[in-house]
Amino acid sequence: MKRNILFVINNLNCGGAEKALISVLQTINYEQFNVDLYLFQKEGLFYSNVPKEVKILQEPKDFKYFDMPIKKALLYTIRKGKMKTTISRIQAGIIFKVEKNPARCEQRVWRYLSNSIPSLEKTYDVAIGYLEKNPIYFCVDKVKAMKKIGFIHTDYDRMKMDPKIDRGYFEKLDHIVTVSEECARILKKKFARYSSKVQVMHNIISEKTINKMAEERIELSSTPNTFVSVGRLNQLKGFDIAIEACKLLVEEGYSFKWYVIGEGEERTNLERLIKELGVENYFILLGLKENPYPYIRAADIYIHPSRFEGKSIALDEAKILKKPIVTTDFSTVKDQITNKTNGLIVDMNALAMFEGIKFLLNNYEMKLRFQDNLSNEELGSETEIEKLYSMFEA
């Protein structure tokens, strides 16, 4: 008899966890499992990539009132006689206003948001909150399941979440899964009482799929050097550092184009900085691309300027495509890159990034060494799904 599995995530917008979930859903054995997917919002770049075998459940109707301006939300809820939701939205609105930390804000708001979200009627063998905060809270509070699993896709300390809020939820989870050894170490230290629950499951990445998708033809400007970066346009991804490094390369006289694939709330600020530094002809924000791999394949150097990662899927994808890599020294980078062996790790500032890029541009032998070493690495990770299966059994 097939077992019933539920995955929960906010949406399928362009992000590392969302992309990782699609890989899980594309790898899981549907002869053994019936899989349901619960989204707070049925949207996102990856929504069309959900396998046909997955049943996407009805999204919570009142969630939208917590994702719109409060005046508009109250107008709708009062007009429709949803007084319970009206009160919860007012209470959430106070937290939205006073809590400046976005991660802790989401944690605190759940208390009121949950009042407007019904529980699921179906009972599952396994329920999986595939992202920290709301997806985990939903699994614990709103789902009946024999086993409950929560995924943490990030360095818990750097997100500045409130462990007091999470402790009660982690106590009710059977497994707490994270994506790298460093992230696991941080969780075990922060939540010593639940350290035995913490397990590592690396993001599933298919080497065969990425290489095949990278063959798609694209048009890019013909320049002596092409750089590519992939990531959400937010402060944590460090694209302001990249733009400043770009300015230094221009001043040094290098000819290049630097393409960034991604979208996010910092676009306006980044566009302003690009204009202020006069690098419009060099640093190009391409926006979202459903298939980023042909762009990475076209790169002479893949550049990752991040301030913070749990584990970077984009770095692993660049490694699969055998790209010379320059990356900043974020806290978990050494789980993926060995400095001067399969990539170059630089300090987290524009001058260091400029020097690193310049070093690779002028050191062809180092670029070849990186590519040769990457060719000898086992980079595909489809077998990671077996770790998930073992948690179902344990």
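The values are calculated or read from the model by the stated rules, or taken from the named source; none is laboratory data. This is a predicted model, so every value here is computed, not measured. Cβ sites come from the backbone with ideal geometry, for glycine too, and all protein chains shown count toward neighbours. Calculation scope for accessible area: heavy atoms of the full protein, side chains included, ligands and nucleic acids excluded. Shrake-Rupley method; radii C 1.70, N 1.55, O 1.52, S 1.80 Å.
Here are some notes:
- Within segment 113-136, considering residues that are without any contact (Cβ under 8 Å) to a residue 40 or more places away in the chain and hydroxyl-bearing (Ser, Thr, Tyr), the one farthest from Val35 (Cα to Cα): Ser114
- Only one of the numbered conditions (1) over 20 Å from the mean Cα position of the chain (by Cα); (2) of a type in the set (Phe, Trp, Tyr); (3) open to solvent by 50 Å² or more (accessible area, probe 1.4 Å) is violated by Phe33, and that is (3).
- Positions within segment 115-141 being part of a helix (DSSP H, G or I) and open to solvent by 30 Å² or more (accessible area, probe 1.4 Å), in sequence order: Asn115, Asp141
- Qualifying position, being open to solvent by less than 10 Å² (accessible area, probe 1.4 Å), over 22 Å from the mean Cα position of the chain (by Cα) and among the aliphatic types (A, V, I, L, M), among Ile303, Ile320, Ile357, Ile337: Ile357
- Residue that is farthest from Asn34 (Cα to Cα), among those in segment 49-72 that are open to solvent by 90 Å² or more (accessible area, probe 1.4 Å) and part of a helix (DSSP H, G or I): Lys71
- Selected residue (criterion: most open to solvent (accessible area, probe 1.4 Å)) from residues of segment 170-197 that are closer than 26 Å to Ser23 by Cβ and free of Cβ contacts under 8 Å to residues at least 12 places away in the same chain: Arg185
- Hey, Leu75 touching a residue at least 40 places away in the same chain (Cβ under 8 Å) and either under 23 Å from the mean Cα position of the chain (by Cα) or open to solvent by 10 Å² or more (accessible area, probe 1.4 Å) (or both) or not: no
- Count of segment 209-262 residues which are in contact with a Ser or Thr (Cβ under 7 Å, 6 or more places away or on another chain), modelled with pLDDT of 90 or more, open to solvent by 30 Å² or more (accessible area, probe 1.4 Å) and among the β-branched types (Val, Ile, Thr): 0
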